Amino acid sequence: MNLSTDAFRLRVRLLNRADNSVLWAESYDGGLKVAELVEVQTDIARNVSSSLAQAYGVIFQADANLDVVNPPDDWAAYSCTLSFYAYRVGVDAESRSSVRACLEKAVDRFPTYATAWGLLSLIYIDDYRFEFSGDPAESAAALDRALAAARRSVGLDPVNIRGRQAEMVALYFHKEIDAALKVGKQTLTINPNDTEFMGEYGERLAVSGNWHDGCQLIAEARQKNPGPGYYDVDLALCSYFSGDYPQAAMWINKSPFPSNPVYHLLAAAVFGEGGYKIAADREVAWLNQNQPDLVKNMRQVVSARLARSQDVEFFLGSLRKAGLGIAD
C-alpha cells in the first residue's frame, strides 16, 4: 500500500502457490477520510469477490485447469461442480449426460453436499428446457426432479446460492412465478455479489414481464463478470423486446452457442424480425434439421419461457417472419 497525506493506493495480487504465477492483480485508489474509507472498503470487497470467487472467475479458471491423477473422493465430488460450469459454456446434450451422472454419483456418496444437489437440480432443469420430446409426463417428471433436488440443497444449506438459484428457476418453469421471483429477490439480498445468480434472476424478472429491471440486472452481471457468453444471449433478448434489432443481432453474433437449441430459436426470431433474411434462413434450416421436436412444439416451448401472452405472440410472429411454420 502507498500512502500520501490525503489518499492511498492499494495493490492486490493473487498468487498460485504451486508455481508462484500471478493469477490476478489490481490496484485501488481512495481518500483517507472516514466516509471515503468506508465506501472504498465496500467497493474493494465487491470487486474482489466478483473477480475472484464467481463462477467463471479467476479461481474457477485456475481450478478448471488442474489435472489431478487418482483424486480422493472429496476432490472427485468437487470436480463434478467444475465440470458443470464447463458444460454451461456450451450446453450440449452429450456433456449434460456425463455431468448429470457425475453429480448423481456425488450426491449418492455425499448426500449432505448442498452445492452438488443445487447443480444437479440445474441439470434436471436443463433436461426439461432443452429436451423437446413432446411427452408432457416426461417433462413434468424432469421438472419435479429438479424442484426436489433444489429443495434438498436449500434444506441442507438455506443460504446455498446454487440451491436457491435452482429453486427459483424450477419454480418459474413450474409456473409458480411469484414464488420464483420472491426466492430471487431474497437471494440477491443474501449475496448481491454473485453474478451467476444476478444474471439468472435478471432473466427471470425479464421474461416474467419486468423487462426494465431484469435487463438492468443482466447488464450489471455482465459488467462485473463478462466471462459467461449467455449474458450476451440474454442481452440479445432484452434488445429484441425493446425493439432494437441491430443491437439484438450484435449480441447474438457476439457469443454463439452452436449446441444450444434455444440460442438458435432466439437468433431466428431476432433475424426474422430484423429482416436479416440470410441469417434467418440459416437458423431456420438448423432448427428444422437438428430440432424437429422443438419446431413441432414451438408454441409450448415459447410459452414455457415467456410469462406474458403478448410476449409469446410477438415472439412467435417473429419466428413466422423468419420462415418457420407455426400453427395459430
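The values are calculated or read from the model by the stated rules, or taken from the named source; none is laboratory data. A quick note: this is a predicted structure, and the numbers were derived from the prediction, not measured. So basically every Cβ, Gly included, is an ideal-geometry build from the backbone, and we count neighbours across all protein chains shown. All accessible areas refer to the heavy atoms of the entire protein, side chains included, with ligands and DNA or RNA removed. Shrake-Rupley method; radii C 1.70, N 1.55, O 1.52, S 1.80 Å.
Which residue pairs have Cβ atoms closer than 9 Å, lie 6 or more positions apart in sequence or on different chains, and pair a first residue in region 257-272 that is more than 18 Å from TYR128 (Cα to Cα) and of a type in the set (Val, Ile, Thr) with a second residue that is open to solvent by 10 Å² or more (accessible area, probe 1.4 Å) and outside any helix (DSSP H, G or I)?
Once the first residue is more than 18 Å from TYR128 (Cα to Cα) and of a type in the set (Val, Ile, Thr) and sits in region 257-272, its partners that are open to solvent by 10 Å² or more (accessible area, probe 1.4 Å) and outside any helix (DSSP H, G or I) give VAL270/TYR276.
Looking at VAL207, VAL169, which one is buried (at least 17 other Cβ atoms within 10 Å of the Cβ), touching a residue at least 12 places away in the same chain (Cβ under 8 Å) and closer than 26 Å to SER97 by Cα? Spell out the reasoning first.
Details: VAL207 fails: closer than 26 Å to SER97 by Cα.
It is VAL169.
With touching a Ser or Thr at 6+ places or on another chain (Cβ under 8 Å), closer than 20 Å to LEU319 by Cα and not aromatic (Phe, Trp, Tyr) as the only criterion, which of GLU283, GLU273 stands out?
Working: GLU283 fails: touching a Ser or Thr at 6+ places or on another chain (Cβ under 8 Å).
The unique qualifying residue is GLU273.
Is it true that some residue in region 168-183 is modelled with pLDDT of 90 or more, of a type in the set (Asp, Glu) and within 19 Å of GLY214 (Cβ to Cβ)?
So the first thing to find is which residues in region 168-183 are modelled with pLDDT of 90 or more, and the list is 168-183.
Right, trim to of a type in the set (Asp, Glu) and you get 176, 178.
Now drop any that are not within 19 Å of GLY214 (Cβ to Cβ), which leaves 176, 178.
Checked region 168-183: at least one residue is modelled with pLDDT of 90 or more, of a type in the set (Asp, Glu) and within 19 Å of GLY214 (Cβ to Cβ).
Just give me the residues in region 244-259 being within 16 Å of VAL91 (Cα to Cα) and either touching a strand residue (DSSP E or B) at 6+ places or on another chain (Cβ under 8 Å) or of a type in the set (Gly, Ala, Ser) (or both), in sequence order.
SER255, SER259, listed by residue number.
Restricting the search to region 238-262, which residues are small (Gly, Ala, Ser) and either in contact with a Pro (Cβ under 6 Å, 6 or more places away or on another chain) or over 23 Å from ASP126 (Cα atoms) (or both)?
Selection gives SER239, SER242, GLY243, ALA248, ALA249.
So which of PRO246, PRO192 is open to solvent by 40 Å² or more (accessible area, probe 1.4 Å) and outside any helix (DSSP H, G or I)? Even if it seems obvious, please write down each step before you answer.
Numbers: PRO246 fails: outside any helix (DSSP H, G or I).
It is PRO192.
Looking at region 249-271, which of its residues are more than 17 Å from the chain's Cα centre (by Cα) and open to solvent by 20 Å² or more (accessible area, probe 1.4 Å)?
MET250, ASN253
Just checking, which of ILE218, ILE326 is closer than 30 Å to ASP178 by Cβ and in contact with a Lys or Arg (Cβ under 6 Å, 6 or more places away or on another chain)?
Details: ILE218 fails: in contact with a Lys or Arg (Cβ under 6 Å, 6 or more places away or on another chain).
Among ILE218, ILE326, only ILE326 is closer than 30 Å to ASP178 by Cβ and in contact with a Lys or Arg (Cβ under 6 Å, 6 or more places away or on another chain).
Within region 283-312, restricting attention to residues that are closer than 22 Å to GLN247 by Cβ and surrounded by fewer than 15 Cβ atoms within 10 Å (Cβ to Cβ), which residue is nearest to the chain's Cα centre (by Cα)?
Within region 283-312, the match that is nearest to the chain's Cα centre (by Cα) is ARG308.
Do we find a residue being open to solvent by 80 Å² or more (accessible area, probe 1.4 Å), more than 25 Å from MET250 (Cα to Cα) and either touching a strand residue (DSSP E or B) at 6+ places or on another chain (Cβ under 6 Å) or in a helix (DSSP H, G or I) (or both) anywhere in region 314-321?
Within region 314-321, not a single residue is open to solvent by 80 Å² or more (accessible area, probe 1.4 Å), more than 25 Å from MET250 (Cα to Cα) and either touching a strand residue (DSSP E or B) at 6+ places or on another chain (Cβ under 6 Å) or in a helix (DSSP H, G or I) (or both).
Among the residues of region 82-98, is any free of Cβ contacts under 8 Å to residues at least 24 places away in the same chain, touching a Phe, Trp or Tyr at 6+ places or on another chain (Cβ under 7 Å) and surrounded by 16 or more Cβ atoms within 10 Å (Cβ to Cβ)?
yes
Taking region 210-233 on its own, how many of its residues are acidic (Asp, Glu), at pLDDT 95 or above and open to solvent by less than 20 Å² (accessible area, probe 1.4 Å)?
Here is the first cut: in region 210-233, the residues acidic (Asp, Glu) are 213, 220, 232.
Imposing the further condition that a residue be at pLDDT 95 or above reduces the set to 213.
With the extra rule that they be open to solvent by less than 20 Å² (accessible area, probe 1.4 Å), the set shrinks to none.
Going through region 210-233 one residue at a time, the tally reaches 0.
Condition check: of a type in the set (Asp, Glu), over 17 Å from the mean Cα position of the chain (by Cα) and in a helix (DSSP H, G or I). Does GLU94 satisfy that?
On the way: of a type in the set (Asp, Glu): yes; over 17 Å from the mean Cα position of the chain (by Cα): yes; in a helix (DSSP H, G or I): yes.
Yes; evaluated as a whole, the condition is true for this residue.
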